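Comments concern the structure below.
The values are calculated or read from the model by the stated rules, or taken from the named source; none is laboratory data. The shown structure was predicted, so the numbers you read here are calculated from the model rather than taken from an experiment. Neighbour counts are summed over all protein chains in view; Cβ atoms, including those assigned to glycine, are modelled from backbone coordinates with ideal geometry. Only protein heavy atoms, including side chains, enter the accessible area calculation; ligands, DNA and RNA are left aside. Shrake-Rupley method; radii C 1.70, N 1.55, O 1.52, S 1.80 Å.
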Amino acid sequence: FIDEVHMLDIECFSFLNRALENDMAPVLVVATNRGITKIRGTNYKSPHGIPIDLLDRLLIVTTQPYTERELRLILDIRCEEEDVEMTEDAKDLLCKIGHETSLRYSIHLITAAALVAHKRKSAEVEVEDISKVYSLFLDVQRSTQFMVEYQEQFMFNEVPDDDDAMED
């Protein structure tokens, strides 16, 4: 299993192609969330960032985003696994956050919210705890928005200004 397969470079893909031609070829399972993107180590773009000759050998399985009900079930299981007691309203908010951002982000908020609840000496995570950690820890979209907004204040800014783009 290779997760984030789009991160491999052309040499790795060549090796995988060669391995798949062998009589004892392994079962190869790869995952990516990219669309048309550049194949690393080349100037070529391809679906999923995977060379076309390797794509021809793959059986592509499409996936669908989780429904809110599925998110809720996953978050319930995760709360149980982490021994976190949470009010129904807090779970509803966490589910909404997971639906709008990502499951991974909402799962990260469980532990942080439990620590906030513990600090205020509560055995149960409430909406205010979820809201507090949501304001403290950014998801990818809000982090990207922050970076774009304040990019000039960072030491290494590689996003060109409109003036710089005009000069090229």
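List of remarks:
- Solvent exposure of the chain, expressed per residue, is 75 Å² of accessible area, with all protein chains present and a 1.4 angstrom probe.
- In order along the stretch 122-133, the phi-based Karplus estimate (6.51 cos²θ - 1.76 cosθ + 1.60, θ = phi - 60°) of 3J(HN,Hα) comes to 10, 7, 10, 6, 10, 3, 4, 5, 4, 4, 5, 5 Hz; Gly and Pro are listed as x.
- The amide H of Thr37, built 1.01 Å from its N in the peptide plane, has Ser46, His48, Gly49 as neighbours under 5 Å, considering only residues 5 or more places off or on other chains.
- Applying 1/(1 + (r/R0)^6) with r as the Cβ-Cβ distance of Asn43 and Arg104 and R0 = 45 angstrom yields a FRET efficiency of 0.90.
- Whole-percent carbon and sulfur share, accessible surface of the chain, 1.4 Å: 54
- Using a cutoff of 8 angstrom between alpha carbon atoms and counting only pairs six or more residues apart, the relative contact order for the chain works out to 14 percent.
- Alpha-carbon spread of the stretch 39-138, three principal axes, descending order, Å: 58, 26, 21
- The mean sequence distance of close C-alpha pairs (under 8 Å, at least 6 residues apart), as a share of the length of the stretch 43-107, puts its relative contact order at 29 percent.
- Solvent-free Debye calculation, one equal scatterer per alpha-carbon of the chain: log10 I(q)/I(0) at 0.16 Å⁻¹ equals -1.00.
- Amide H partners (placed H, <5 Å) of Val125, local residues excluded: Glu85, Met86, Thr87
- The stretch 29-47-the stretch 90-151 distance, computed between alpha-carbon centres (Å): 31
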